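Every number here is computed from the coordinates shown, using simple stated rules; none is lab data. Here the structure is a predicted model, which means the values were calculated and not measured. Neighbour counts run over all protein chains shown; Cβ positions are idealised from the backbone, glycine included.
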Amino acid sequence: MSGAETEVALLELPEPPSPGPGQILVSVEAAGVGPWDQLLNGAGWDVGLRPPAALGVEGAGTVLAVGAGVTGFAVGDRVLAHEAPLPGGSGFWAERILVNAEHAAPCPPGLDAVHAAALPVNGLTAVQALEELDLGRGQRLLITNGGGATGALAIQLAAAKGIEVTATASAAAAERLLGLGAMEVVDYHDPDWPATVRGEFDGALIIATGTAEAALPLVRDGGRLCSLTSDAPAEERGITTWDLYVEPNAAQLVQLAEQAAAGTLKLAPEPLPLSEGPAAFARVAGGRAGGKKIVLTRE
């Protein structure tokens with residue numbers, strides 16, 4: 001599946017080459033869809049796609065072949081991965097993909113392919129953002145768009161550390177997010193939502209585009225603001241601000257997968273057949289996923 005600049009369509013693609021040194025060939029069982037995929041459909045995020053090619057930078061499947069020097073995986077192993085750049089020039093929305101073995105994590109027995117494929121990008125983004133924010137028990141964190149896939153995982157991971165989370169989301173998502181560990185959920189539809197929360201947050205995690213400027217005054221002097229939407233405001237009052245871009249990390253993915261398999265990290269993916277990939281892409285790119293994580297599955 002691929003798009004030139006605007007079109008995403010079903011394609012017949014050639015088989016990937018045999019895995020080279022340090023690589024594994026994976027039979028894809030499920031692949032995640034995210035708003036970042038529209039950046040692949042053009043020049044926004046260069047992950048080494050060589051059209052015609054499949055989109056997708058995360059997924060889960062079974063190892064079909066291993067390249068020279070690979071010791072951690074064998075044929076038949078179940079794995080999940082976030083991969084960028086794509087060594088084979090094509091992504092996870094396909095039957096087979098080449099990935100670097102060092103970026104793959106073993107899939108625990110209790111984690112099915114759909115849930116595994118829903119985890120890599122959103123989970124790694126949440127983990128890496130929280131590590132950079134470096135907050136601890138009793139400190140306060142503001143998350144905008146807590147109802148999305150990344151936000152929901154960040155809430156759970158932060159709450160597990162004893163961090164007090166306030167999240168913006170729709171009113172319909174409030175009960176779910178409180179159940180995931182948020183202390184407070186604020187309706188982002190209210191244009192005056194910043195005035196309804198107590199400020200002096202130790203940190204802010206910006207996941208909703210256009211909310212960084214509104215969140216900055218709510219962060220205490222010397223606090224930290226991490227933007228996932230490439231719009232971190234200029235630093236002021238000693239507040240450290242930065243934009244974060246996710247990176248593959250197998251060790252972090254191992255921990256996330258184990259938590260998901262144990263049920264301590266909750267996911268709620270919406271599986272769709274691969275044939276509905278173009279429609280799924282359109283939903284996500286148009287912001288019509290309703291906060292759900294869409295995962296494409298082999299039919």
Using a Förster distance of 25 Å, the FRET efficiency for residue 74-residue 102 (Cβ separation, nearest 0.05)
0.95
Return the whole-Å distance between the Cα centroid of segment 34-111 and the Cα centroid of segment 236-299.
15 Å
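Name the shape class, rounded, prolate or oblate, that the alpha-carbon gyration tensor gives for segment 122-243, where a ≥ b ≥ c are the square roots of its eigenvalues, rounded holds for a/c under 1.5, and otherwise prolate holds if a/b is larger than b/c and oblate otherwise. Intermediate results must be reported in sequence, preceding the final value.
Values: a/c = 1.39, a/b = 1.16, b/c = 1.19.
Because its axes are fairly even, with a/c under 1.5, segment 122-243 counts as rounded.
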When a/c is below 1.5 the answer is rounded, else prolate if a/b is larger than b/c, else oblate, so apply that to segment 227-287 with a ≥ b ≥ c taken from the square roots of the Cα gyration tensor eigenvalues.
oblate
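Sort 245, 188 so that the residue with the fewest other Cβ atoms within 10 Å of its own Cβ comes first and the one with the most comes last.
Details: 245 11, 188 20.
Exposure proxy ranking, most exposed first: 245, 188.
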Extending each Cα 7 Å along its Cβ direction at residue 189 and residue 230, get the distance between those two points in nm, one decimal.
3.0 nm
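What does the C-alpha gyration tensor say about the overall shape of segment 179-235? Classify as rounded when a/c is under 1.5, otherwise prolate if a/b is larger than b/c, or oblate.
Working: a/c = 1.41, a/b = 1.28, b/c = 1.11.
It comes out rounded by the Cα gyration axes.
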Which of 239, 294, 97, 155 has the fewest Cβ neighbours within 10 Å, and the rest in rising order:
239, 294, 97, 155
What net charge is computed for the residues neighbouring residue 107, neighbours being all others with C-beta under 12 Å from the C-beta of residue 107, Lys and Arg scored +1, Asp and Glu -1?
-3
Report, in degrees rounded to the nearest 10, the 0 to 90 angle that the Cα long axis of helix 120-133 makes with the longest principal axis of the chain.
40 degrees
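Calculated from DSSP H runs of 4 or more alone, at -39500 (n - 2.57) each and per residue, what is the 222 nm mean residue ellipticity of the chain, nearest 500? Walk me through the numbers before you get to the answer.
Numbers: 8 runs with 68 residues, N = 299.
The helix contribution divided over the chain gives -6500 deg cm²/dmol.
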Straight-line reach from residue 161: which aspartates and glutamates have a Cα under 16 Å away, not including same-chain ones fewer than 8 places off?
131, 132, 134, 202
Whole-Hz Karplus couplings 3J(HN,Hα) for segment 250-267, θ = phi - 60° and coefficients 6.51, -1.76, 1.60, Gly and Pro as x, run 5, 4, 5, 5, 4, 5, 4, 5, 5, 5, 5, 5, 7, x, 7, 10, 8, 10
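Only counting other Cβ atoms within 10 Å, I'd like 189, 103 sorted with the fewest neighbours first.
On the way: 189 10, 103 20.
In increasing order of surrounding Cβ atoms, one gets 189, 103.
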Residue 213 and residue 270 label points (each 7 Å along its Cα→Cβ direction) are spaced in nm at 3.1 nm
At a threshold of 8 angstrom on Cα-Cα distance, excluding pairs fewer than six apart, so keeping six or more, what relative contact order does the chain reach in percent?
20 percent
What aspartates and glutamates sit close enough to residue 292 to cross-link, taking a C-alpha to C-alpha distance under 20 Å and skipping anything fewer than 8 places away on the same chain?
29, 37, 58, 112, 175, 187, 270, 276
